[in-house]
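Data block below; observations after.
The values are calculated or read from the model by the stated rules, or taken from the named source; none is laboratory data. As the structure is a prediction and not an experimental result, all values here were calculated from the model. Heads up, the Cβs are rebuilt from the backbone with ideal geometry, glycines too, and the neighbour counts pull from every protein chain shown.
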Amino acid sequence: MRAPVTILVARHADAEYETHHWADEGGSLTRQGRAQARGLAQQFAHRDVAHVYTSTYARAVQTAEIAAAHLGVSVTTREGLREFSVGALSGSRAEDPFAETYAAWLAGDLERRLPGGETGAELRHRMHHVLYDIARAHAGETVLAISHGGVMRLVLPLVLTAEPADPPARLGNCATVELAVDGRHWTCVHWPSETEQSAG
């Protein structure tokens, strides 16, 4: 890469769902979510964002399209930015059937697999791969990438440290992690704290 790249990785805006069953796809932005997406664009209007990338899931695509329209740039979908798959737990109505596996991932057991889904290591590989591709395509530029809270909270620290660290704060809707990429060196410029998100 010829010059450092800034990647602003944001969680999608507030969404509502057709059913209470767990599923990979779905989620349409609420009125609040649409306002959050506009606010996301306003937050970075002065950063000269060159492009917006997004997960393929509807709630992320809607967030990206609203933000991109206000920023005056185009949108590209990338599978690698999507949330971890619910796998065989699709259709479950349990409150959080992923809690045990996700906790194991955060603790460093990346080989643990969700039934019918991915391992933590596979999540890390696919998200790191797409972020690296984005960085290579945007030398010297700033880009916005819309993703999901679960995969962001797990994978971004692993990209930065190459090993499990203390789990960072949970990410609210449109919370943004700022990464600086210089060659193969990844730096976290900003990770929003829970207090900061509450204040926002």
Pair list, Cβ under 6 Å, 6 or more apart: region 35-46 residue in contact (Cβ under 8 Å) with a residue 60 or more places away in the chain, other residue part of a helix (DSSP H, G or I):
Ala37/Thr63; Ala37/Ile66; Ala37/Ala67; Leu40/Ala67
Could you list, in sequence order, the residues of region 147-200 that are of a type in the set (Lys, Arg) and either surrounded by 15 or more Cβ atoms within 10 Å (Cβ to Cβ) or at pLDDT 95 or above (or both)?
Arg153
Take the residues of region 1-31 that are of a type in the set (Ser, Thr, Tyr) and in a loop (DSSP other than H, G, I, E, B): which is modelled with the lowest pLDDT?
Thr19
Number of the exception - Ala64 against (1) surrounded by fewer than 21 Cβ atoms within 10 Å (Cβ to Cβ); (2) modelled with pLDDT of 95 or more; (3) in a helix (DSSP H, G or I)
(1)
Region 109-146, subset among the basic types (Lys, Arg) and under 22 Å from His185 (Cα atoms), residue surrounded by the fewest Cβ atoms within 10 Å (Cβ to Cβ)
Arg136
State the number of residues belonging to region 109-162 that are of a type in the set (Val, Ile, Thr) and under 16 Å from Phe98 (Cβ atoms).
3
Residues satisfying the stated conditions in region 88-106, i.e. surrounded by fewer than 17 Cβ atoms within 10 Å (Cβ to Cβ) and either modelled with pLDDT of 90 or more or not in a loop (DSSP other than H, G, I, E, B) (or both)
Ala88, Ala99, Glu100, Ala103, Ala104
Restricting attention to region 45-64, which residues are in contact with a Ser or Thr (Cβ under 8 Å, 6 or more places away or on another chain) and not polar (S, T, N, Q)?
Arg47, Asp48, Val49, Ala50, His51, Val52, Tyr53, Ala58, Arg59, Ala60, Val61, Ala64
Looking for whichever is hydrophobic (A, V, I, L, M, F, W, C), outside any helix (DSSP H, G or I) and closer than 21 Å to Ser193 by Cβ here; the options are Ala145, Ala139. Which one fits?
Ala145
